[in-house]
Amino acid sequence: QCSTLGLKLYALPRFCSAELSATSAMTGITASTFVQPADFAKELQQRVTMFHAGDELYSGAWLSDFQKTGLTAWHVCTEKLRVGPLTSCDGELLQAFCAQTLARLARAFASHFDVNSQRSARDTLEALLAVHAYGQTLVWKQLALALACAELWLGTWAAAASLNTSLPATVRRELLVLPAELLFDSKALPLTDKAARQQVAASLFSSCDGVFAFLLEAQSDAEQSFRILSAWLRAVRKAQIWLPTCDAAQPLRHLAGHLCTILAAAESAPAQASELAQQLAKWNSAPQEVATILKPLLQLIMKDSDLSMEIVSEDSPAWMLS
């Protein structure tokens, strides 16, 4: 029940935006209000509980305003999460909100932290993720999102950190897919630092070999692996815009080394394999390497379903239609 309620809390900022002008004065939190973090901490649990008990208007507005206090909200939420996973329903809801708040703040990471404090803030997120990696899914996913945003802003993200960590495989997969999804989504992550974008793009490109091997070594979760592979291929393909001297075929050669594994996994997850095929079909810069993977993958998909018709169209290259 607590996990279900947590999903409602995740939509909080969207809910409050329509009501904010009418309720901000009632929350007691404004841009000019100075409140000690300890005072917020005392009231936060009560407001979260009341919000889930049905007081969405006033407690919802208070929580939305709390998130806008920036570093104050950051310090309060990190302290609430530092104690580790709480087992009570109220505690789980509180920590879900705190993790969501950190993820929201991390999307504008460079705006909240100066150069001297950015590394420390990033390390705090990494430590919190390690503490909650075996706890609530909603909490560790939001902390993973916060960590990914921070590292993208810093330009320090590297796949090796996720591949070599002792975190659970599900958490490691999340850490791998987030940068691929966020890097080209300006709404989710308004990353304005060109140098940081190029550095992360280069890291994505150079990490394909290790990432593909990690994702395809676990046959027990073919659907998730294909989802991440598709996102990764999309990001690497787009990253070529920022890397004009890269070898566009190199990621595909790495992927072709796992062709037998891909085909075996596609039999149990044809829909997700179709998504992978769509990303391969969009890769125009290395047609021969694409054909090596895509032709046998399409043949397998076409045996049992019509999913391939979503991929192959009249505009497709001739080798795909033969």
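Each value in this text was obtained by applying a stated rule to the coordinates, not by laboratory testing. Since we're looking at a predicted model, the values are computed, not measured. Note that we place each Cβ from the backbone using ideal geometry, even for glycine, and neighbour counts take in every protein chain shown.
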Cα-projected label distance for S111 with S166, points at 7 Å along beta-carbon direction, nm: 3.8 nm
Output the pairs from K238/K303; K42/K68; K42/K141 with a Cα-Cα distance over 23 Å in this structure; if there are none, say none. K238/K303; K42/K141
Under the Debye formula (equal points on every Cα, no solvent term), log10 I(q)/I(0) of the range 92-157 at q = 0.12, 0.13, 0.21 Å⁻¹: -0.26, -0.31, -0.76
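Hand me the GluC sites (Glu not before Pro) from the range 197-272 located in a DSSP loop with no more than 16 other Cβ atoms within 10 Å, in residue order please.
On the way: sites: E217, E223, E267; in loops: E217.
Those that pass, being in a loop and sparsely packed, are E217.
Per the Kirkwood definition applied to all pairs of different Cα atoms, how many angstroms is the hydrodynamic radius of the range 178-291?
Numbers: mean 1/r = 0.0690 Å⁻¹.
When all Cα pairs of the range 178-291 are included, the Kirkwood radius is 14.5 Å.
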A195-D221 pseudo-label distance in nm [points 7 Å out on the Cα-to-Cβ vector]: 3.6 nm
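Mind pulling the per residue volume of the convex hull built on the Cα atoms of the range 57-206? Å³ is fine. Don't jump to the answer; show the numbers that get you there.
Working: hull volume 16.5 nm³, N = 150.
For the range 57-206, the hull spanned by Cα atoms encloses 110 Å³ per residue.
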How many nm separate the modelled label positions at A291 and A38, each set 7 Å beyond the Cα in the direction of the Cβ? 7.3 nm
To the nearest Å, what is the center-to-center distance of the range 97-151 and the range 173-247, using C-alpha atoms only? 19 Å
State the dimensionless ratio Rg/Rh of the range 136-202 (Rg: radius of gyration of Cα atoms; Rh: Kirkwood radius). 0.96
